[in-house]
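The values are calculated or read from the model by the stated rules, or taken from the named source; none is laboratory data. From a predicted model like this one, the values you see are computed outputs, not experimental measurements. In this analysis, Cβ positions are derived from the backbone assuming ideal geometry, glycine residues included, and neighbour counts consider all displayed protein chains. These accessible areas exclude ligands, DNA and RNA; they are computed on the full protein's heavy atoms, side chains included. Shrake-Rupley method; radii C 1.70, N 1.55, O 1.52, S 1.80 Å.
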Amino acid sequence: MMYPLSPTRYFKNFGQKYGITDFHPHKLRHTSASLAITNGADVVSVSERLGHSDTAVTLRMYAHANEESIRRAGQAVRDALKAQGL
């Protein structure tokens, strides 16, 4: 059995060794969720994967990623219209 603070200690030492400030395991969770949403994963699936009580929690925490997804969706529509000569 692992001591509960072992991962945190490992990440702290890793961060110090490689010059990464405030490196914590939770940052990997945040990065994973942000990348998933930005690259088209639906918020419901991301929310369930993170264990959030509902999607509103996920949307509040990852609004920046969702805004990027919305921007990309708009660009896809503009590109499609342009390709049709509209």
Exercise for the section: Mind listing whichever residues of region 43-86 are within 22 Å of H26 (Cα to Cα), of a type in the set (D, E, K, R) and at pLDDT 90 or above? Expected result: E48, R49, D54
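Could you tell me whether T31 is polar (S, T, N, Q) and open to solvent by less than 40 Å² (accessible area, probe 1.4 Å)?
Details: polar (S, T, N, Q): yes; open to solvent by less than 40 Å² (accessible area, probe 1.4 Å): no.
For T31, the condition - polar (S, T, N, Q) and open to solvent by less than 40 Å² (accessible area, probe 1.4 Å) - is not met.
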Problem - Pairs, first among the aromatic types (F, W, Y) in region 58-86, second open to solvent by less than 100 Å² (accessible area, probe 1.4 Å) and at pLDDT 85 or above, C-beta under 6 Å, six or more apart - result: Y62/A33; Y62/S34; Y62/I37
Practice task
Spot the failing condition for H64; the list is (1) open to solvent by 90 Å² or more (accessible area, probe 1.4 Å); (2) closer than 27 Å to R9 by Cα, and only one is missed.
Solution key: (2)
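Restricting to region 14-48, and then to whatever is part of a loop (DSSP other than H, G, I, E, B) and not charged (D, E, K, R), can you tell me which residue is farthest from A73 (Cα to Cα)?
Going through the qualifying residues, I end up with G19.
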Fill in the blank from the handout: Checked pairs for region 1-25, first without any contact (Cβ under 8 Å) to a residue 40 or more places away in the chain and under 24 Å from L50 (Cα atoms), second β-branched (V, I, T) and not in a loop (DSSP other than H, G, I, E, B), C-beta under 8 Å and 6 or more apart or across chains, list as H24/T8; P25/T8
